[in-house]
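No lab work stands behind these numbers, since they all come straight from the coordinates. Remember, predicted model here, so these are calculated numbers, not experimental data. Virtual Cβ from ideal backbone geometry, glycine too; neighbours counted across all protein chains shown.
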Amino acid sequence: MASKHLATALHRSFRKPAAGTTLINRHSLSTATATAIEPLEEDSNGVTMKGVKISGRPLYLDMQATSPVDPRVLDAMLPYYLSRYGNPHSRTHLYGWESENAVESGRAQVAALINASPKEIIFTSGATESNNISTKGVMHFYKDKKRHVITTQTEHKCVLDSCRHLQQEGFDVTYLPVNPDGLVDLEKLRESIRPDTGLISVMMVNNEIGVIQPMEEIGKICKEFNVPLHTDAAQALGKIPIDVDKMNISLMSLSGHKIYGPKGIGALYMRRRPRIRVEPQMNGGGQERGIRSGTVPTPLVVGFGAACELAMKEMEYDDKRIKALQERLLNGIREKIDGVVVNGSTERRYAGNLNLSFAYVEGESLLMGLKEVAVSSGSACTSASLEPSYVLRALGVDEDMAHTSIRYGIGRFTTEGEIDRAVELTVKQVEKLREMSPLYEMVKEGIDIKSIQWSQH
Amino acid sequence: MLRHASKMILGQGLRSPPTRAVAVGAGTPRMYHERVVDHYNNPRNVGSFDKNDPNVGTGLVGAPACGDVMKLQIRVDDDTGKIVDACFKTFGCGSAIASSSVATEWVKGKQTEEVLTIKNTEIAKHLSLPPVKLHCSMLAEDAIKAAVKDYESKRAKSNASEEAAPVEKAADA
């Protein structure tokens with residue numbers, strides 16, 4: 001009887017939820033779950049998030065990660081969310097027709113930027129999807145005759161991962177090494193081409209170090225051996241002039257959110273003469289010429305198109321301005337501190353990407369001190385493993401320098417004031433960390449760090 | 001007695017859920033505990049002692065290839081065996097800097113035998129280090145041990161030379 005009393009008392013308590021949980025359950029539209037999504041606390045004194053307090057929103061110098069949407073692009077997109085919201089594949093009414101018109105004019109704008117025909121542009125959800133379609137789609141289509149893929153060691157993760165997937169399926173993949181300045185060795189490329197090579201994939205502008213590969217020379221080699229050339233131009237679009245005919249490109253991946261367009265949209269350029277065929281990765285109603293089924297998101301396409309048109313008009317102006325800002329940044333830092341190394345070729349590089357290594361200072365600790373500047377690092381600690389960035393490794397950067405890199409991204413909306421402040425903060429943090437660094441101390445005493453036997457653990 | 005048991009069980013049931021569940025997994029955003037940020041912004045005991053001073057023990061652990069190098073130095077009072085001062089220098093991430101800073105704070109005022117019992121788990125708990133950063137606290141523990149070992153070996157060497165001198169004198173005489 002006593003145990004029954006116990007049981008009923010327990011039941012009563014468990015049926016009534018604790019006070020905290022009812023509040024959470026009643027919260028409609030609450031994106032807060034029980035796991036750690038920490039809200040940003042903003043007040044007049046500043047912003048606090050993840051235990052770090054700063055006096056305002058940080059300066060954004062991470063343009064390779066993503067870029068702000070240009071207000072003119074947003075203006076072009078809004079009507080397609082609020083009033084002209086039709087599905088472009090609805091053939092029977094005005095909403096569908098006007099939406100289809102918008103998609104087709106966006107397509108033409110994207111094509112114009114790369115000197116292609118609108119019929120050769122397929123819209124996807126981003127450069128990652130385009131890379132997937134290019135690598136896996138092409139090889140699956142030609143799998144009977146072509147079993148070999150050539151790519152580089154510095155490609156974007158999605159290309160490398162797709163190639164690994166192909167390897168598991170039984171294809172052969174050659175990962176070409178790069179020179180210390182980040183450029184592909186054309187002789188090695190030539191030597192690695194086999195009769196059954198189905199695809200060569202080389203990214204145009206590297207997202208980590210910003211080097212521009214010699215696409216025209218690579219295109220010539222591909223034409224000579226009649227191998228399709230795929231390039232990931234997500235970082236290159238709208239920043240350097242691209243001509244698919246001059247570079248003999250068969251497939252090209254494009255991304256919207258790297259050129260001040262919306263996130264969630266990209267495109268795949270597929271050459272029609274000579275035609276390159278792919279196996280679709282998304283099956284469905286046959287939209288986008290059967291290559292990529294799914295409703296084409298009209299507002300995103302309109303935004304992407306508007307961003308491309310703006311890029312075409314303003315490419316030269318932006319380039320000049322960004323080059324000047326890059327010099328200001330580099331010289332400003334070099335004036336005050338030594339031991340600064342630029343990773344990657346200094347001649348063949350996109351000006352808006354500056355990847356610097358500061359000797360004797362570790363990348364993550366520098367980032368921790370640069371909380372008022374939003375930059376990114378190629379250091380180990382910022383990845384889940386203890387390995388430094390594979391791109392820096394491929395460049396042959398010394399192990400101790402590979403942990404020290406910081407990537408500054410300069411863009412259309414970066415101002416001189418932001419650059420000056422970034423220089424000031426960087427110099428201050430580097431000096432403070434060098435004071436704390438035993439390696440710097442050893443170097444100052446004249447000890448050669450490379451000669452020391454470290455105790456690995 | 002049963003009433004007491006039921007109260008205990010009910011008490012547990014009515015406890016409010018934890019305000020922040022610990023998120024575990026590979027894709028977790030890393031949060032810096034405010035202690036780590038504090039040690040980074042206001043590091044305690046950064047500096048160097050003279051390596052050749054017989055009272056100073058130096059521990060240098062880690063490797064630049066791993067991204068972590070710690071140098072921990074202790075100054076020990078010969079008579080009492082107590083650590084009177086400590087300083088550090090670190091090449092590494094924020095957690096590594098904080099771990100070594102905490103290590104210098106904890107060894108001050110303790111006996112050399114006592115500090116050998118400082119465990120990396122204690123340092124990690126004090127700083128709320130996430131699993132991926134536990135090696136930083138391990139390195140701090142190694143640095144303490146290496147510093148004490150260095151001091152002990154210096155003392156052993158100086159004692160040996162002291163003993164050798166009177167023996168020689170006796171032999172001469």
Compactness relative to 2.2 N^0.38 Å, alpha carbon Rg of region A:75-309: 1.01
Calculated [θ] (222 nm, deg cm²/dmol) that DSSP helices of n ≥ 4 give over chain A, each run adding -39,500 (n - 2.57): -11500 deg cm²/dmol
Packing-based exposure ordering (other Cβ within 10 Å, fewest first) of A:CYS222, B:CYS66: B:CYS66, A:CYS222
Kirkwood Rh and Cα Rg combined as Rg/Rh, region A:341-445: 0.96
Averaged over A:400-406, number of beta-carbon atoms from partner chains that fall within 10 Å: 3
Positive-end extreme of charge dipole, region A:162-305 - chosen from A:HIS257, A:MET247, A:VAL227 (charges on Cβ): A:HIS257
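Considering every residue in A:356-367, what mean count of other chain Cβ atoms within 10 Å of its Cβ is obtained?
Rounded to a whole number, the mean comes out at 3.
Express the C-alpha Rg of chain A as a ratio against the empirical globular expectation 2.2 N^0.38 Å, rounded to two decimals.
1.15
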At R0 = 25 Å, FRET efficiency that the Cβ-Cβ distance of A:PHE413 and A:MET49 yields, to 0.05: 0.65
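Work out the length of the dipole vector of region A:135-230 about its Cα centre, built from +1 on the beta-carbon of each Lys and Arg and -1 on the beta-carbon of each Asp and Glu, and round it to the nearest 20 debye.
Result for region A:135-230 is approximately 400 debye, rounded to the nearest 20.
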Cα-centred dipole magnitude for chain A, charges only on beta-carbon of K, R (+1) and D, E (-1), debye, nearest 20: 1840 debye
Two-site FRET efficiency, A:ASP144 against A:SER105, from Cβ-Cβ distance with R₀ of 51 Å, rounded to 0.05: 0.80
Neighbour-count order for A:MET270, A:MET401, A:MET282, fewest beta carbons within 10 angstrom listed first: A:MET282, A:MET401, A:MET270
Burial ordering of A:THR135, B:THR117, fewest other beta-carbon atoms within 10 Å first: B:THR117, A:THR135
Violating pairs (Cα-Cα greater than 26 angstrom) within the set A:LYS136/A:LYS157; A:LYS136/A:LYS263; A:LYS239/A:LYS432; B:LYS82/B:LYS145; B:LYS133/B:LYS154: A:LYS239/A:LYS432; B:LYS133/B:LYS154
Charge context of A:PRO58, other residues only, Cβ under 9 angstrom, K/R +1, D/E -1: +1
Gain on full stretching of the segment that runs from A:LEU78 to A:ARG194 - 0.36 nm per residue minus C-alpha separation: 36.8 nm
Mean separation of Cα contacts under 8 Å, 6 or more apart, over the residue count of region A:75-309: relative contact order %: 28 percent
Charge dipole (chain A, unit charges on Cβ, about Cα centre) - positive-most of A:LEU78, A:THR128, A:GLN167: A:LEU78
Listed residues A:LEU325, A:GLY339, A:PRO299: farthest to the positive end of the dipole of region A:298-357 (Cβ charges): A:GLY339
Net charge, A:ILE240 excluded, C-beta distance under 14 Å - Lys, Arg +1, Asp, Glu -1: -1
Mean separation of Cα contacts under 8 Å (6+ apart) over length of chain A, as relative contact order %: 19 percent
Dipole magnitude of region A:193-252, debye to nearest 20 (Cβ charges: Lys/Arg +1, Asp/Glu -1, about Cα centre): 40 debye
Partner chain coverage, peptide A:435-445 - average Cβ within 10 angstrom: 5
Most to least packed among A:139-147, B:55-63 [average Cβ atoms within 10 Å]: B:55-63, A:139-147
Overall dimensions of region B:25-167 as given by Cα atoms, namely Rg and Dmax in Å: 16.4, 66
Contour excess over end-to-end distance, with Cα ends at A:MET315 and A:ARG289 and 0.36 nm allotted per residue: 6.3 nm
